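Following: one structure in structure tokens, then a few remarks.
Readers should treat all values here as calculations from the given coordinates under stated rules, not as data from a laboratory. Since the model is a prediction, treat every value here as computed from it, not as a measurement. Virtual Cβ from ideal backbone geometry, glycine too; neighbours counted across all protein chains shown.
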Amino acid sequence: MATRYRGFSTIGRYKKFRAVDTELVKQDLINHFNIRKGEKLMNPEFGTIVWNCLFEPFTVELRDLIIKDVARIVNYDPRVKATQILVDEYDHGLQIEIDMEHITTNQQDSLTLQFDRESNLASES
């Protein structure tokens, strides 16, 4: 498979900051999920509502609202589309499993994020 996307990331790297293809797409999504909705200057619709939901009772309605928000964010990226989203509670927050398809290659991929109440960080697990 030829490299289709190129970018840079300093997350978890020393000296080599280049990121490509699925790795780049995943990092871009993680970056988007680490921004609270309303936090980005001049773009209040950017970001996620998940951070505002961490301390709420985990109901079916809340789960459905989070799934809708996650789908909006994943589908915002023109390189991928969400095929399945699962949301579960865990001891310190919420875990979101995203199955997605890369548009140009039809490659299936997945991303599991944990939104931790204590660290205020969405990280890939």
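Side notes on the structure shown:
- In segment 102-125, the qualifying residues are those that are surrounded by fewer than 16 Cβ atoms within 10 Å (Cβ to Cβ), touching a Ser or Thr at 6+ places or on another chain (Cβ under 7 Å) and without any contact (Cβ under 8 Å) to a residue 40 or more places away in the chain, and the one that is farthest from Asp77 (Cα to Cα) is Ser125.
- Here His92 passes the criteria (1) crowded, with 17+ Cβ neighbours inside 10 Å; (2) within 18 Å of Arg117 (Cβ to Cβ) except the one numbered (1).
- Scan of segment 38-56 for residues that are crowded, with 17+ Cβ neighbours inside 10 Å and not hydroxyl-bearing (Ser, Thr, Tyr), ordered by number: Gly47, Ile49, Val50, Trp51, Cys53
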